[in-house]
Amino acid sequence: MHTIRCEIDAEYSGTEALADLAWRWLTEGADRLEDESFQGTLDSTGQVEESLKKSVPCGPPGTLWGFLSVTSVKGTGRGVSNRSRVLTRKNLPMLRKWLVSDVQLAETAVYQLDDRGMPGQELLRMGVARDEDGEGWIRLSAEAPKERFASAQLRWTELLRDFAEEVDPSYAQIGYSLSLGRTEYEERVGPLLPYLSLAESRQLLRGYEWLMVIPREIAQLLGGADGIPAAGDFHRIETLRDGAVLLQVTPEFDDFTGEAIERTWRLLRPALRPGMPKRFEDSDLTGPPSRIWYADIA
């Protein structure tokens with residue numbers, strides 16, 4: 001089964017603001033997407049703290065288990081520090097403490113332990129990352145197996161909407177998980193260096209998906225929430241606080257196929273990077289279904 005990924009990209013606004021945003025995304029966001037399993041993990045008993053450092057059972061088979069982790073910059077020329085704990089209610093305050101440092105990556109994750117007490121299926125992973133190559137950018141992310149997303153689609157769309165309203169994103173979407181930090185359009189059209197797409201993301205769209213946020217600069221180019229409906233029949237169009245537009249093409253994730261993809265491409269083609277999308281034989285056979293239109297905007 002494929003993985004679904006929610007991603008929100010925005011400019012970095014300082015350590016203090018990031019610490020608060022990261023805390024709410026990693027904890028409140030996880031609770032909104034997986035309230036029962038997230039709270040269940042916090043309250044699980046019998047979890048083994050040493051399991052983060054040794055290959056030993058993490059807890060009783062079949063129970064919930066998770067971790068929290070933060071990678072931070074120590075200081076000029078001093079490298080990075082990596083800190084992690086088992087995800088429990090007792091350890092959760094440590095996450096808030098660590099987030100006030102110069103965070104490069106912070107995550108919370110929830111698993112179901114297998115019959116040996118080892119991490120089996122990953123139920124949810126929340127992340128906050130400073131882009132390594134595109135200085136000054138942050139990325140909020142959430143990933144879960146598609147079967148869990150399918151029963152929680154509304155929760156995912158509303159979480160993306162609420163945080164996008166807050167951070168004025170240069171791009172956001174919910175789609176299949178591909179290479180970290182790359183949309184399918186970027187993988188198949190470019191640019192070759194991923195960080196270039198961030199630097200240009202208020203002038204050129206990074207891609208498009210079933211649910212996405214068009215940044216305010218590009219939304220204005222397309223006519224905004226008043227002009228976009230004239231380009232096609234879309235399920236949901238909403239202007240966010242700073243002028244970005246949330247676009248949901250179809251009611252259901254799996255309905256974003258064929259004509260719906262073409263309709264989206266025709267709307268957004270003035271803001272897309274030119275080029276004919278490449279096809280990759282191996283990934284096309286084993287990866288998730290392709291969800292872009294195979295035509296050059298030129």
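We did not get these values from a lab; they are worked out from the coordinates using the rules stated. Predicted model, so just to flag it, every value in this text is computed and none were measured. Here Cβ is always computed from backbone atoms with ideal geometry, including for glycine, and neighbour counts include all displayed protein chains.
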Alpha carbon convex hull of the chain, projected area averaged over orientations, nm²: 15.9 nm²
Residue-count net charge about S179 - beta-carbon cut-off 10 Å; Lys, Arg +1, Asp, Glu -1: -2
Simple label model, 7 Å out from Cα along Cβ direction - E122 to D162, nm: 2.4 nm
Computed over the chain: relative contact order in percent, which uses C-alpha pairs under 8 Å that are six or more apart: 18 percent
Label-point separation in nm, R89 to D43, each point 7 Å along Cα→Cβ: 0.7 nm
Cα-projected label distance for D115 with L52, points at 7 Å along beta-carbon direction, nm: 3.0 nm
Test item: Cα-centred dipole of segment 21-91, Lys/Arg +1 and Asp/Glu -1 on Cβ, debye: 560 debye
Shape of segment 250-291, Cα gyration tensor, a/c cut at 1.5: oblate
Sum of -39500 (n - 2.57) over DSSP H runs of 4+, divided by residues of the chain (222 nm, nearest 500): -7500 deg cm²/dmol
Net length gained if the chain between D226 and L154 were fully extended (0.36 nm per residue, minus Cα distance): 23.5 nm
Three-way shape call for segment 32-96 based on the alpha-carbon gyration tensor, with the a/c threshold at 1.5: oblate
